[in-house]
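Structure first, then comments.
Since every read-out is calculated from the coordinates, none of them should be taken as a lab result. Because the structure is a prediction, the values reported are computed rather than measured. Heads up, the Cβs are rebuilt from the backbone with ideal geometry, glycines too, and the neighbour counts pull from every protein chain shown.
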Amino acid sequence: MADRTERTIVMNADAADIMAVIADFENYPEWVSAARDVEVTESGPDGRPREVRFVLDAGVLQDTYVLAYDWDPDGRSVSWHLVSSDLQRDQRGRYVLSQQVPGSTKVTYELMVDLVVPMIGQLKRRAEKAITEAALNDLKKRVED
């Protein structure tokens, strides 16, 4: 992913437990503050979500969009790309999990968002940084609670 934002955090959990929370899209509204509604619209033959529809309400930013997911067979990473959106031209992201020792996993979140409305590069990076930090902190809280 060219021109993306990347953040890393260590979580006190095993990679499989973290990936299970990431894949549990229906429960995102319980712990992702901007997620108003999340629906798996298509699953793959392995039962994992293939396409997911999000209704996002982050105050000034409201969007309905669909992401397509690609799950790594080893269970250590998942990537996605934008299928459709009201406000986004493109979105690509990825979680990469690296089990350090039992009960401790390094989680890296990569994100690139391109909005339909032009945005200065510096503001775009700042917004991506805020999104990735919030996502990792919310994920950590959900996984460790």
Among (1) in contact with a helix residue (DSSP H, G or I) (Cβ under 8 Å, 6 or more places away or on another chain); (2) farther than 14 Å from R7 by Cα, where does S77 come up short?
(1)
In the stretch 88-100, what count of residues is obtained for those that are surrounded by fewer than 15 Cβ atoms within 10 Å (Cβ to Cβ) and not acidic (D, E)?
3
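Give the number of residues within the stretch 1-27 that are under 16 Å from L111 (Cβ atoms) and surrounded by 15 or more Cβ atoms within 10 Å (Cβ to Cβ). Walk me through it before giving the result.
Taking the stretch 1-27 and keeping what is under 16 Å from L111 (Cβ atoms), we get 1-9, 22.
With the extra rule that they be surrounded by 15 or more Cβ atoms within 10 Å (Cβ to Cβ), the set shrinks to 4-7, 9, 22.
Going through the stretch 1-27 one residue at a time, the tally reaches 6.
Right, T105: part of a strand (DSSP E or B), of a type in the set (S, T, N, Q), touching a strand residue (DSSP E or B) at 6+ places or on another chain (Cβ under 7 Å) and surrounded by fewer than 15 Cβ atoms within 10 Å (Cβ to Cβ) or not?
no
Please work out which residue is nearest to M112 (Cα to Cα), limiting yourself to the stretch 60-85 and to residues that are assigned to a loop (DSSP other than H, G, I, E, B) and in contact (Cβ under 8 Å) with a residue 24 or more places away in the chain. Talk me through it step by step, then tell me what you get.
First, pick out the residues of the stretch 60-85 that are assigned to a loop (DSSP other than H, G, I, E, B): 60, 72-76.
From what's left, in contact (Cβ under 8 Å) with a residue 24 or more places away in the chain: 75-76.
Details: G75: 22, R76: 20 Å.
Checked the stretch 60-85; the qualifying residue nearest to M112 (Cα to Cα) is R76.
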Considering every residue within the stretch 110-125, establish whether at least one is in contact (Cβ under 8 Å) with a residue 40 or more places away in the chain, of a type outside the set (D, E) and part of a loop (DSSP other than H, G, I, E, B).
no
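Using the structure shown, decide if A130 is within 30 Å of N12 (Cβ to Cβ) and surrounded by fewer than 15 Cβ atoms within 10 Å (Cβ to Cβ).
So A130 fits the description; yes.
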